[in-house]
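Okay, so here's the structure we're looking at.
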Amino acid sequence: MAVGKAMLIFVFTLATLIPSLLADISIFDDVWRKRAEEAKKMTLEAYVPDPEEATDAFNVEVNKYSLVKNSSSLYGASGSTNITNLDLDDDDDNDNDNDADFEQFANGTRRNLRQGRRKHAGPCQVTNPIDRCWRCQRNWAKNRKQLAKCALGFGRRTTGGMAGRIYVVTDSSDNNVMKPKPGTLRHAVIQKEPLWIIFSKNMNIKLSKELIMSSHKTIDGRGHHVHISYGAGITIQFIRNVIIHGIRIHHIIATSGGNIRDSVDHYGIRTNSDGDGISIFGSTDVWIDHVSMSRCTDGLIDAIMGSTAITISNCHFTHHNDAILLGASDSYSGDHLMQVTVAFNHFGQGLVQRMPRCRWGFFHVVNNDYTHWRLYAIGGSKHPTIISQGNRFIAPPESHLKQVENARKIKSHGNLWNLKPHEQRHVESNFNVVAVINLRVCWEDQKLESEGKIRNQ
């Protein structure tokens, strides 16, 4: 029933807003028209009618490994986790004991986060279940495709180029967007077959035009310093099943349009690109992981026009105004099918706003570290559902930047912070606090206070 209703709304919205679907496409030919129609079907297939099943599954994985080694009371003499000493279950009647346990847990986590700049010299350690899936395997370079089994959240079905061969990029040039040279990144991403794309050496790739990807691709920068910078960004439009991992994207500029090849057997005239780092347009099953992004002309990541089944994880965002935009228009209700997980990211120096900025859809913003913002961190409009869970906020010194404004209702799982629905919204700690804006989902219809602040330590 829910899927049928969603389909009717989505089809109607697309029919009435078809001009908006032309984004950056100068001539909407039969090939692009077919891709747009297929993208509508992919969105409906990827949409999860009960999104809290996905968030609950994510939380189960996180809670397996969420205890911190710096808190000695949570570890036995052997250094193994003593998980039995910590109970954060909201259903437990012994709230006082739980509060004490939580505070001890939170203090240990703060110490761990503050030591983030210290280089670790001991054995491999991981801090989240995504990295635990592959990072400490000594033979990861020989088993790169293990990464495809590691996605969590709404993008958990993303496998990228797992079903294809390894393609090695050996040439950093981008001199011919109509006839890309074999061995270049552009030549790799336009192939019809699934590909797992890796790099032979450190590279700085200056894209002369936007890089238009095709479905079933992984860009895997592990093992080398791979920069996409001082040129155009990456476009993921009307496709599915893409992983971007382990690269640095920065100093992206707006570039002119013109003829650009987007597959081995098609090219088309594109308008000028906006200068987004990564643009996700009408696409599904996208996972962006361990990507460092800064200083793009427009947004760092934009996901718009019915894009869904997306996870953005383990990324580092710095030095930018509009960081992440999820849903571009108040008038495009088709984005109510958008479902995005934003997890384990660091929002750092020089950021201003949109971490993320959400419209219409369902967004799980979980276990991120916010250390800088100049306008706001998490924002929303057009009644999105935003679950902000287990995030750490260190507010700037100005009092007006510490406000949690216009928050209406919140859905809380209660296992990653110590906030209960009957409590005041004045938060005494900036670890694992909730900062949720413009929500429509509530915790048993229990409204929170209309105003609150995040205190800076």
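Here is a yes/no grid of residues against (1) touching a residue at least 40 places away in the same chain (Cβ under 8 Å); (2) aromatic (F, W, Y):
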{"site": "K181", "(1), (2)": "no, no"}
{"site": "I198", "(1), (2)": "yes, no"}
{"site": "K209", "(1), (2)": "yes, no"}
{"site": "G233", "(1), (2)": "yes, no"}
{"site": "F238", "(1), (2)": "yes, yes"}
{"site": "I244", "(1), (2)": "yes, no"}
{"site": "R261", "(1), (2)": "yes, no"}
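Which one of these is β-branched (V, I, T), modelled with pLDDT of 95 or more and farther than 16 Å from F317 by Cβ: T271, T284?
Sole residue among the options that is β-branched (V, I, T), modelled with pLDDT of 95 or more and farther than 16 Å from F317 by Cβ: T284.
Among the listed residues A151, A141, A163, identify the single one that is part of a helix (DSSP H, G or I) and of a type in the set (A, V, I, L, M).
A141
I'm trying to understand the selection: among the residues of region 141-164, which are in contact with a Pro (Cβ under 8 Å, 6 or more places away or on another chain) and surrounded by fewer than 20 Cβ atoms within 10 Å (Cβ to Cβ)?
M162, A163, G164
Have a look at I249, I243, I239, I301 and point out the one that is buried (at least 23 other Cβ atoms within 10 Å of the Cβ), within 30 Å of Q146 (Cβ to Cβ), over 15 Å from the mean Cα position of the chain (by Cα) and among the aliphatic types (A, V, I, L, M).
After ruling out the rest, the residue left standing is I239.
Would you check which residues across region 332-356 are over 19 Å from E61 (Cβ atoms) and either surrounded by fewer than 24 Cβ atoms within 10 Å (Cβ to Cβ) or of a type in the set (S, T, Y) (or both) and list them?
Y332, S333, H336, H346, G348, Q349, G350, V352, Q353
What's the number of the only condition in (1) surrounded by fewer than 24 Cβ atoms within 10 Å (Cβ to Cβ); (2) in contact with a helix residue (DSSP H, G or I) (Cβ under 9 Å, 6 or more places away or on another chain) that L326 fails to meet?
(1)
For region 166-194, how many residues meet the condition of being closer than 21 Å to I288 by Cβ, of a type in the set (V, I, T) and either over 28 Å from the mean Cα position of the chain (by Cα) or in a loop (DSSP other than H, G, I, E, B) (or both)?
Count: 1.
Within region 308-318, is there a residue that is touching a strand residue (DSSP E or B) at 6+ places or on another chain (Cβ under 8 Å) and more than 30 Å from K149 (Cα to Cα)?
No: region 308-318 contains no residue that is touching a strand residue (DSSP E or B) at 6+ places or on another chain (Cβ under 8 Å) and more than 30 Å from K149 (Cα to Cα).
Counting residues that are under 20 Å from R157 (Cβ atoms), of a type in the set (A, V, I, L, M, F, W, C) and assigned by TED's automatic domain parsing to the domain that holds C150, which strands (runs of 3 or more DSSP E) fully inside region 281-395 reach at least 3?
Passing ranges, in order: 284-289, 308-313, 339-343, 362-366.
The values are calculated or read from the model by the stated rules, or taken from the named source; none is laboratory data. Keep in mind it's a predicted model, so treat the numbers as computed, not measured. With ideal geometry, Cβ positions are generated from the backbone for all residues, glycine too; neighbour counts draw on all protein chains shown.
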